[in-house]
Amino acid sequence: MCYLSAADLSQRYALCEATLLRLAKSGRFPTPIKVGRQYRFNPAEVAAWERRQRETIEPMPMVIETLPSEEVTK
């Protein structure tokens, strides 16, 4: 299995590596493993996190204003 580096994910999500590590530490992103001086992320855990993010995003409600067909102004 090829683990993802923090640099790879920082480019993917347009976040700095420190932010990814902070999110992981707070439990809002998958926990990395440390290999030497680098952090690596399990791609299956990252994919599962992405799926959960897509599922929790609520679509914007479509608001359509209806105007009276005969508007009387005086």
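Every read-out reported here was derived from the displayed coordinates using simple, explicitly stated rules and does not represent laboratory data. No experiment lies behind these values; they were computed from the predicted model shown. Neighbour counts run over all protein chains shown; Cβ positions are idealised from the backbone, glycine included.
A compact table of results
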quantity	calculated
Residue list for the stretch 1-17, filter: touching a Ser or Thr at 6+ places or on another chain (Cβ under 7 Å) and either surrounded by 16 or more Cβ atoms within 10 Å (Cβ to Cβ) or in a helix (DSSP H, G or I) (or both)	17
Criterion (surrounded by fewer than 11 Cβ atoms within 10 Å (Cβ to Cβ) and not β-branched (Val, Ile, Thr)) met by exactly one of 55, 45	55
Residue, surrounded by the fewest Cβ atoms within 10 Å (Cβ to Cβ), within the stretch 18-31, restricted to residues that are among the aliphatic types (A, V, I, L, M) and under 11 Å from the mean Cα position of the chain (by Cα)	23
Residue count, the stretch 32-42 (criterion: outside any strand (DSSP E or B) and either of a type in the set (A, V, I, L, M, F, W, C) or surrounded by 13 or more Cβ atoms within 10 Å (Cβ to Cβ) (or both))	2
